[in-house]
Amino acid sequence: MKYTITKDPHEDERVQKIIEISGQNIFSCYQCGRCSSGCPMAEFMDVLPNQVFMFLQEGDVDTLLNAKTPWICAACFTCTVRCPVGLDLAAVMEAIRELQLRKNYDYVDPYKVEDREELPPIAMVSNFRKFTP
Amino acid sequence: MGKKVMFYPGCTLKGVAKNLEDSTVESARVLGYDLVELPGWTCCGAVYGLAQDSVKFTIANVRNLIKAQNFGKEIGDNRLLAVCSMCYNNLKRAHIDVMKNRDKLKTLDLFMDEEANYEGNINVMHYLQFLKNDVGMDKVAEMVKKPLKGLKVAPYYGCLLLRPDEVAIDDREDPHILEELFEILGAEVVDYPLKNECCGSYHTVDKKEIVGERTYKLVSVAKGMGADVIATSCPLCFFNLDKRQEIAKQKHSEFEHMPIVYFTQLMAIAFGLTSQDVLHFDKHYISPEEVLQKWL
Ligand code: SF4
Ligand code: SF4
Ligand code: SF4
Ligand code: SF4
């Protein structure tokens with residue numbers, strides 16, 4: 001993959017917003033890959049967890065906003081507890097979702113959910129909290 | 001009457017997970033404790049908010065903690081028990097969060113005007129921690145009437161009992177609290193390598209195919225290790241591992257079903273509480289009746 005860094009990511013507004021929402025210094029990731037190796041959802045993702053930091057460090061927020069990955073992460077905190085520099089990737093995934101949800105974006109439309117009758121409240125409450133504004 | 005301890009059931013236990021609620025309350029009764037439902041509790045919101053600049057997802061939890069603070073004074077006990085992994089995780093994280101970040105607590109106290117301020121002394125505990133640390137496993141052992149001899153159990157912790165570190169009820173990479181309990185109940189414990197791997201969680205609502213794949217893997221591996229049942233404490237893990245076997249079977253014809261149970265149901269059975277008013281096997285998609293027949 002070839003890309004050009006055109007702008008200092010430290011000055012990118014959306015990168016700053018992600019840092020602010022997640023409370024994580026995304027620049028401290030050194031690409032060890034441990035987050036991706038233990039991620040139970042990695043096989044369903046289009047951008048791997050460590051690549052999320054790579055794109056952020058390059059200021060390429062667009063790729064992340066168009067990726068499926070933040071919506072595939074299950075907030076299981078496996079990466080969070082194993083990261084050698086203590087980065088909370090689950091919170092960064094949440095921040096990327098929040099950038100979109102805060103614009104009143106519904107990733108899931110509660111009215112279109114199938115088998116609503118059989119789903120336990122715990123499933124719907126958690127899903128709508130993660131995927132609706 | 002047993003000793004009163006506050007209990008936060010959570011909304012799922014009040015309906016689809018009646019089997020978890022009744023087996024928890026009744027097993028505690030056998031051990032000499034009266035789990036009293038926290039008056040006026042509200043849904044906790046299931047997942048903790050990770051956005052640092054918002055307290056939106058902390059409000060309901062702190063409100064519940066304040067209710068526990070009031071009621072705890074009445075009964076003279078500051079412990080608040082939860083058994084649903086998500087409720088436990090959420091309440092505990094909220095408590096730790098506002099204790100660490102006092103400005104958040106201040107914002108919430110101002111926002112929740114009518115309520116008393118949260119003083120921070122509620123001890124949120126998972127039922128397993130309560131069994132191990134307060135009741136004592138020897139006391140549990142004393143109450144076993146029907147040892148589950150020969151039953152092969154795969155203990156399943158999932159995520160939220162173990163992660164993040166600040167709320168872990170045991171070693172997050174190699175927990176043993178469930179194993180210890182099942183051995184005391186007389187069961188044979190299967191060394192289950194996926195015991196702390198996520199089931200796919202809330203994706204079961206809009207991406208159930210993914211959860212079907214997770215379930216396929218989690219159940220097949222347990223089966224391969226010789227397990228008869230998988231035991232969990234979370235109604236979401238339970239639903240995913242139980243109901244989503246339907247999808248696993250559609251996708252993989254060689255897949256073999258396995259019943260899923262709550263650890264509290266096994267405890268109830270070992271204590272001799274075998275009534276369906278406690279066990280509610282009608283709440284299971286794959287019935288555990290046949291596998292557990294010997295002890296019922
Ligand atoms: S584990 Fe941490 S340091 Fe390693 S790649 Fe992932 S985020 Fe970066
Ligand atoms: S929290 Fe998300 S990214 Fe991290 S391991 Fe779990 S599913 Fe993967
Ligand atoms: S975790 Fe779920 S079941 Fe428990 S109270 Fe919260 S939303 Fe309800
Ligand atoms: S429901 Fe799944 S995701 Fe949640 S705690 Fe249980 S294992 Fe983890």
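The values are calculated or read from the model by the stated rules, or taken from the named source; none is laboratory data. Everything numeric here is computed off the predicted structure, so don't read it as measured data. FYI the Cβ positions are ideal-geometry reconstructions off the backbone, even for glycines, and counts take in every protein chain you see.
Side notes on the structure shown:
- Inclusion of residue B:248 among residues that are within 15 Å of residue B:229 (Cβ to Cβ) and buried (at least 16 other Cβ atoms within 10 Å of the Cβ) is not warranted.
- Selection from the stretch A:25-44 of residues that are of a type in the set (A, V, I, L, M, F, W, C) and either more than 16 Å from ligand 4 (Cβ to nearest atom) or under 14 Å from residue A:84 (Cα atoms) (or both): A:26, A:27, A:29, A:32, A:35
- No other residue among A:31, A:24 is within 10 Å of ligand 1 (Cβ to nearest atom) and within 28 Å of residue B:213 (Cβ to Cβ) apart from A:31.
- Residues of the stretch B:103-134 that are of a type in the set (A, V, I, L, M) and in contact with a strand residue (DSSP E or B) (Cβ under 7 Å, 6 or more places away or on another chain): B:122, B:124, B:125.
- Exactly one residue out of B:255, B:271, B:281 is surrounded by 21 or more Cβ atoms within 10 Å (Cβ to Cβ) and modelled with pLDDT of 95 or more, and it is B:271.
- Within the stretch A:1-14, the presence of a residue that is within 16 Å of residue A:91 (Cα to Cα) and within 13 Å of the chain's Cα centre (by Cα) is excluded.
- Residues in the stretch A:77-122 that are on the phi > 0 side of the Ramachandran plot and either within 9 Å of another protein chain (Cβ to nearest Cβ) or of a type in the set (A, V, I, L, M) (or both): A:77, A:115.
- Of the helices (runs of 4 or more DSSP H) that lie entirely inside the stretch A:27-133, those containing 1 or more residues that are basic (Lys, Arg) span A:34-38, A:78-82, A:89-101, A:121-131.
- Selection over the stretch B:197-250 of residues that are among the aliphatic types (A, V, I, L, M) and within 12 Å of another protein chain (Cβ to nearest Cβ) gives a count of 6.
- Test result for residue B:67, away from chain A (no Cβ under 14 Å), of a type in the set (D, E, K, R) and buried (at least 21 other Cβ atoms within 10 Å of the Cβ): yes
- Output for the stretch A:79-133, where each listed residue is β-branched (Val, Ile, Thr) and out of contact with any helix residue (DSSP H, G or I) (no Cβ under 8 Å at 6 or more places or on another chain): A:125
- Some residue of the stretch B:48-66 being touching a helix residue (DSSP H, G or I) at 6+ places or on another chain (Cβ under 7 Å) and under 22 Å from residue B:170 (Cβ atoms): yes
- Residue count, the stretch B:9-27 (criterion: in contact (Cβ under 8 Å) with a residue 60 or more places away in the chain, more than 8 Å from chain A (Cβ to nearest Cβ) and among the hydrophobic types (A, V, I, L, M, F, W, C)): 2
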